[in-house]
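Step one of this worksheet: look at the structure below.
The values are calculated or read from the model by the stated rules, or taken from the named source; none is laboratory data. Only a predicted model underlies this, so the values are computations on that prediction, with no experimental measurement involved. Note that each Cβ is placed from the backbone with ideal geometry, even for glycine, and that neighbours are counted across all protein chains shown.
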Amino acid sequence: MLEAEPRAHLYLRSAHRWALVAFDGAGRTDAADRLATGTYVASVVVALAGEGELDDADVQIAVATLADARDEPFDAARFDLHRTVCSSSTLLELPPLVACEIQLRLLVQLGIATEVSLWRTDGANIDAVVSVGHGAESRRARATAKAALRQGTILSLLGPRTLRSAVVRRFRNPCAAIVARVLEPLARSDAYLGATAAAISTVFERELLLERSAEREQVLVRSSEQRLMRVGFDLHDGPIQDVLALGAEVILLRDQIYPFIAETHRERAAGRFDDMIARVTELDRHLRELSRSLESRSIVTRPLGEILHREVDAFAERSGIRSRLEIRGDPEAITSAQRIAVYRAIQESLSNVREHSGASSVEIHVRMRRSAIEVRVTDDGHGFEVGRALARAAQRGRLGIVGIGERVRMLGGTFEIDSAPGGPTMLTFALPRVTSDERNTFL
Ligand SMILES: Nc1ncnc2c1ncn2[C@@H]1O[C@H](COP(=O)(O)OP(=O)(O)O)[C@@H](O)[C@H]1O
Ligand SMILES: [Mg+2]
């Protein structure tokens, strides 16, 4: 359901939109037309690269198409395409390792280099963090990176081909070096490497800011989870115990007054007592369920896929609503704050489906994309007027949906609820990926 529209169609539509913006912005002249063409081609390349689907042939075709459409030399089209693609925020905002790899690969795909590696230093050591091409992490490449970091960009001749390097800075401090075995004249190669180094600087600077906000975010999430857990314990120690005691008292009362009830009324009285005991038992069950659902330790320690399946299965059993959970991609490669947000949001959405929707089936899709974690909960119930219902719920202090929105926003994500009387209801949210699979290398 997340893929109702073919991907290529989406890419092209968004590329077209950007091209029109460029055309209008640049004044609708011939020059504007050339700019729009460049924007169009670059947007498609960016979309493919962002999804990890860009191959060498795509890049060659893109450059050739651009050169042809604008009637300009291949080299000019190629440089322009590289400049636009490598500074695209869509690519720079991907998880750091993924973003860096795309940048290096682009140099190879454009025919600027055969091997490229990125070397990072913490001051004392230097390590290759990403590389593209066979043998890119050679000893010579390491030595070149080291020398570059010591004295700025250097040149190191090596047989007929040449190793070039460029320094990457993070807030002005050199922190990494790109080393490439280049195929093009040196000045031209250096121009490409310089643009790539600037792009990677942006990735590293963003990474540092993200790390800092991730720390703050962890603190926030931890404190709100702790509060929830405390409510869970309070519930267990207070109301649940009171309900237990109440149940025992009702039973005692029944036994005590039974002998004093006239025989003709006994059966009715017994029925009333049974009803009351059943209600107290039900109340006890509800409170225990609530108390358990507030406990969050297992959300962080158990695999997310497992706890989501467990939650959804338990929901289906309790509610009798047909439920399907589909997870695409590896759900474990996310931060604990994100796991908690995903879990809680799904939990709350399901409880709304049970309480308000009248649905007979619900589908939960979790999709781990390179740039974001997307979750969609769709029920086939009677729907509702979103604005009105939320205003009313807020007045009554009901913060289910508002709470999901807050959690998601706290993690820099987006949240949307799409419904109307008659249904269906679709709740969607996306959290930006801040880590790639190899998250520990960078964080
Ligand atoms: N899946 C749904 N189907 C129909 N109505 C819904 C659904 N989810 C939420 N609602 C409506 O939105 C309101 C607000 O939901 P929420 O913020 O979770 O508060 P609460 O569930 O405590 O009422 C609900 O009272 C209900 O009217
Ligand atoms: Mg609710």
Quick one: what pairs do we get from the stretch 62-84, first residue free of Cβ contacts under 8 Å to residues at least 40 places away in the same chain, second surrounded by 20 or more Cβ atoms within 10 Å (Cβ to Cβ) and not in a helix (DSSP H, G or I), C-beta under 8 Å, 6+ apart or different chains?
-> R78/L110
Under 9 Å between Cβ atoms, at least 6 apart or on separate chains: pull out the pairs that start in the stretch 370-386 with a residue that is in contact (Cβ under 8 Å) with a residue 12 or more places away in the chain and at positive phi and end on any residue that is surrounded by 22 or more Cβ atoms within 10 Å (Cβ to Cβ) and part of a strand (DSSP E or B).
-> G383/T425
The residue from E332, E317, E385, E363 that alone is within 25 Å of P95 (Cβ to Cβ) and more than 8 Å from ligand 1 (Cβ to nearest atom) is E332
Residue pairs qualifying under the 9 Å Cβ cut-off, at least six apart or on distinct chains, with the first in the stretch 13-41 being exposed (fewer than 15 other Cβ atoms within 10 Å of the Cβ) and the second being at pLDDT below 95 and not in a helix (DSSP H, G or I), are R13/E5
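Only residues that are crowded, with 21+ Cβ neighbours inside 10 Å and over 11 Å from T196 (Cα atoms): list them for the stretch 81-97, please.
Going residue by residue through the stretch 81-97, those that are crowded, with 21+ Cβ neighbours inside 10 Å are 81-82, 85-86, 91, 94-96.
Across the stretch 81-97, the qualifying residues are L81, L91, L94, P95, P96.
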Residues of the stretch 87-117 being within 20 Å of L149 (Cβ to Cβ) and among the polar types (S, T, N, Q), which ones?
-> Q103, S117
In the stretch 63-158, which helices (runs of 4 or more DSSP H) lie fully inside it and hold 3 or more residues that are farther than 16 Å from A191 by Cβ and under 33 Å from the mean Cα position of the chain (by Cα)?
-> 89-92, 96-109
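Taking only the stretch 191-249 into account, find how many residues are among the acidic types (D, E) and within 30 Å of T90 (Cα to Cα).
Step one: list which residues in the stretch 191-249 are among the acidic types (D, E), which gives 205, 207, 211, 215, 217, 225, 234, 237, 242, 249.
Those left that are additionally within 30 Å of T90 (Cα to Cα): 205, 207, 211, 215, 217.
Residues that pass the stated criteria total 5.
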Select from the stretch 371-403 the residues that are in contact with a Leu (Cβ under 9 Å, 6 or more places away or on another chain) and in a helix (DSSP H, G or I) and write down the one among them that is surrounded by the most Cβ atoms within 10 Å (Cβ to Cβ).
-> I401
May I ask you to list the residues in the stretch 171-192 that are assigned to a helix (DSSP H, G or I) and surrounded by 24 or more Cβ atoms within 10 Å (Cβ to Cβ)?
-> Y192
When (1) within 30 Å of E207 (Cβ to Cβ); (2) assigned to a loop (DSSP other than H, G, I, E, B) are applied to L431, the one that fails is (2)
Only one of E311, E306 is within 16 Å of ligand 2 (Cβ to nearest atom), in a helix (DSSP H, G or I) and more than 21 Å from G413 (Cα to Cα); which?
-> E311
Could you list all residues from the stretch 324-363 that are in a helix (DSSP H, G or I), more than 16 Å from ligand 2 (Cβ to nearest atom) and either surrounded by fewer than 19 Cβ atoms within 10 Å (Cβ to Cβ) or among the polar types (S, T, N, Q) (or both)?
-> S336, Q338
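This table checks each residue for (1) touching a strand residue (DSSP E or B) at 6+ places or on another chain (Cβ under 6 Å); (2) closer than 27 Å to R318 by Cα.
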| position | (1), (2) |
| --- | --- |
| A337 | no, no |
| E348 | no, yes |
| S361 | yes, yes |
| R376 | yes, yes |
| D380 | yes, yes |
